[in-house]
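The values are calculated or read from the model by the stated rules, or taken from the named source; none is laboratory data. All figures in this text were calculated on a predicted structure; none of them were measured in a lab. Every residue, glycine among them, receives a Cβ derived from its backbone with ideal geometry; neighbour counts consider all protein chains shown.
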Amino acid sequence: MMSPSQSPRLLLGPGPSNVHPAVLAAMAQPLVGHLDPAFLSEMDEVQERLRRLFQTENRLTIPLSATGSGGMEACLANLLEPGDPIVIGVAGVFGERMCDVAGRIGGRVVRVETEPGTALDDAAMSDAILRTRPAVVAFVHAETSTGVCQPVAGIARAAREAGALLVLDCVTSLGGLAVTLDRWGADATYSATQKCLSCPPGLSPASFSERALARVRARRRPVQSWYFDVSLLAGYFGSERIYHHTAPVSAVRGLAQALRRVEQEGMSAREARHRRAAAALLTAVEGFGFSPLVAEPHRLPMLTSLRLPERVLQKGEAAVRRRLLDRHGIEVGGGLGKLAGMIWRIGLMGENATEESVGRLAEALEDVLAS
Ligand code: PLP
């Protein structure tokens with residue numbers, strides 16, 4: 001029996017975003033084996049397209065079978081050993097999550113924090129790196145809990161000069177902003193499919209540099225996680241295609257289709273589309289009294305965090321969001337962590353980064369705020 005049908009949603013929260021019918025159709029194809037040559041050539045295609053999107057030559061560029069948090073765990077578990085120092089930039093909930101994951105691995109975590117809604121300070125990160133001489137430096141490119149875009153180059157340079165490897169979270173940026181791994185010198189990077197790639201959640205595109213793989217080969221003890229050990233994963237994701245785990249065939253086929261759509265559009269046109277949609281959103285919501293939490297030049301285009309006007313606070317911000325969902329089928333996100341109850345997070349990601357989405361949200365807001 002089919003599950004009861006769900007009225008369609010316009011997903012304007014922090015992810016997932018809506019999925020194009022062509023991606024859903026690719027996922028609904030009859031199943032083939034994960035070692036079937038037809039599927040393996042599609043996997044080759046996905047890996048090649050991910051290299052182009054990440055702007056990297058890294059051989060080990062793969063769709064990890066995991067959500068974004070699994071990608072985070074994979075990157076940190078491979079590069080960190082118990083007792084290793086790691087400097088982590090914390091600009092919100094996802095930097096915080098990195099500290100939790102690194103601590104559980106046994107890393108000696110040195111945190112550099114910034115106020116929610118602001119970017120990490122290059123000088124503070126450099127100081128901590130010089131003081132700590134860490135094995136790894138880690139931070140988030142697009143902090144979805146606050147809507148801040150973190151400049152990468154300065155911190156990446158400080159990490160490289162100190163001989164540390166760089167772990168970068170590109171969960172929300174990939175497919176909406178240029179991600180240039182080789183230029184930045186990122187060593188282990190992870191993303192997720194449900195944001196600007198507009199696929200269902202479930203895969204974490206990830207990329208590991210040769211320096212990262214050399215660090216893994218030189219480890220004093222094996223990677224604690226069997227599932228995420230890149231030296232084992234390389235057997236399947238390299239030319240040998242040795243069984244490691246059963247690849248999620250339908251999810252990978254959906255990602256292949258989504259990546260074709262990204263390339264058809266072109267990354268610079270896609271980024272420009274995200275920026276136009278974000279500008280339209282700000283113009284539309286300022287009329288209702290919302291104001292942006294993040295100052296330029298650090299405002300993300302695909303995720304806008306908004307301070308709430310009095311009329312929304314009075315009605316109860318969660319109740320207003322619920323009314324948007326129930327009456328108009330529109331999902332927007334609330335605040336996370338320290339910003340809970342204080343902001344909304346509006347995602348215009350991938351397929352949803354359009355002026356049409358903004359128009360629908362503005363009409364719905366008109367209705368729910370009038371009543
Ligand atoms: N990192 C960032 C920046 C995120 O926005 C998210 C999810 O929203 C994650 C990591 C975790 O990803 P997932 O929820 O797919 O596990």
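Please report, ordered by residue number, the helices (runs of 4 or more DSSP H) entirely within segment 275-371 with at least 1 residues that are closer than 28 Å to Glu263 by Cα and of a type in the set (S, T, N, Q).
Values: elements: 310-315, 317-328, 355-370.
Filter on segment 275-371 gives 355-370.
Answer yes or no as to whether Leu60 is of a type outside the set (Gly, Ala, Ser), assigned by TED's automatic domain parsing to the domain that holds Leu181, under 15 Å from the mean Cα position of the chain (by Cα) and under 24 Å from Leu232 (Cα atoms).
On the way: of a type outside the set (Gly, Ala, Ser): yes; assigned by TED's automatic domain parsing to the domain that holds Leu181: yes; under 15 Å from the mean Cα position of the chain (by Cα): no; under 24 Å from Leu232 (Cα atoms): yes.
For Leu60, the condition - of a type outside the set (Gly, Ala, Ser), assigned by TED's automatic domain parsing to the domain that holds Leu181, under 15 Å from the mean Cα position of the chain (by Cα) and under 24 Å from Leu232 (Cα atoms) - is not met.
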Only one residue in Leu181, Leu168 is away from the ligand (no atom under 11 Å from the Cβ) and either crowded, with 24+ Cβ neighbours inside 10 Å or of a type in the set (Val, Ile, Thr) (or both). Which one?
-> Leu181
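For every residue, the table says whether it meets (1) away from the ligand (no atom under 16 Å from the Cβ); (2) of a type outside the set (Val, Ile, Thr).
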position	(1), (2)
Pro201	no, yes
Ala214	yes, yes
Arg219	yes, yes
Gln224	yes, yes
Gly235	yes, yes
Val249	yes, no
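Give the residues of segment 138-197 that are assigned to a loop (DSSP other than H, G, I, E, B) and of a type in the set (Lys, Arg), sorted by residue number.
Start the filter on segment 138-197 by keeping residues that are assigned to a loop (DSSP other than H, G, I, E, B), which leaves 141, 144-147, 150-152, 162-164, 170-173, 175-176, 178-180, 185-187, 191-197.
Matches in segment 138-197: Lys195 only.
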Within segment 315-335, is there a residue that is over 16 Å from Leu365 (Cβ atoms) and modelled with pLDDT under 95?
-> no
Search result, residues across segment 220-262 that are in contact with a Ser or Thr (Cβ under 9 Å, 6 or more places away or on another chain) and of a type in the set (D, E, K, R) | Arg261
Gly287 assigned by TED's automatic domain parsing to the domain that holds Gly359, at positive phi and loosely packed, with under 15 Cβ neighbours inside 10 Å | no
Which residue pairs have Cβ atoms under 8 Å apart, sit 6 or more places apart or on different chains, and have a first residue in segment 186-214 that is modelled with pLDDT of 95 or more and acidic (Asp, Glu) and a second that is away from the ligand (no atom under 11 Å from the Cβ) and in a strand (DSSP E or B)?
-> Asp187/Leu165; Asp187/Leu166; Asp187/Val167; Asp187/Phe208
The one condition in (1) of a type outside the set (Lys, Arg); (2) within 30 Å of Gly334 (Cβ to Cβ); (3) not in a strand (DSSP E or B) that Pro134 fails to fulfil | (2)
Of all the residues that make up segment 203-212, how many are away from the ligand (no atom under 14 Å from the Cβ), crowded, with 24+ Cβ neighbours inside 10 Å and of a type outside the set (A, V, I, L, M, F, W, C)?
-> 1
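Take Thr56 and tell me if it is closer than 18 Å to Ser191 by Cβ, more than 16 Å from the ligand (Cβ to nearest atom) and in a strand (DSSP E or B).
Working: closer than 18 Å to Ser191 by Cβ: yes; more than 16 Å from the ligand (Cβ to nearest atom): yes; in a strand (DSSP E or B): no.
Criteria not met by Thr56.
Picking from Gly83, Gly117, Gly103, Gly95, which residue would you name as being buried (at least 22 other Cβ atoms within 10 Å of the Cβ) and either more than 16 Å from the ligand (Cβ to nearest atom) or in a loop (DSSP other than H, G, I, E, B) (or both)? Write out each step before concluding.
Details: Gly83 fails: buried (at least 22 other Cβ atoms within 10 Å of the Cβ); Gly103 fails: buried (at least 22 other Cβ atoms within 10 Å of the Cβ); Gly95 fails: either more than 16 Å from the ligand (Cβ to nearest atom) or in a loop (DSSP other than H, G, I, E, B) (or both).
Unique residue meeting the criteria: Gly117.
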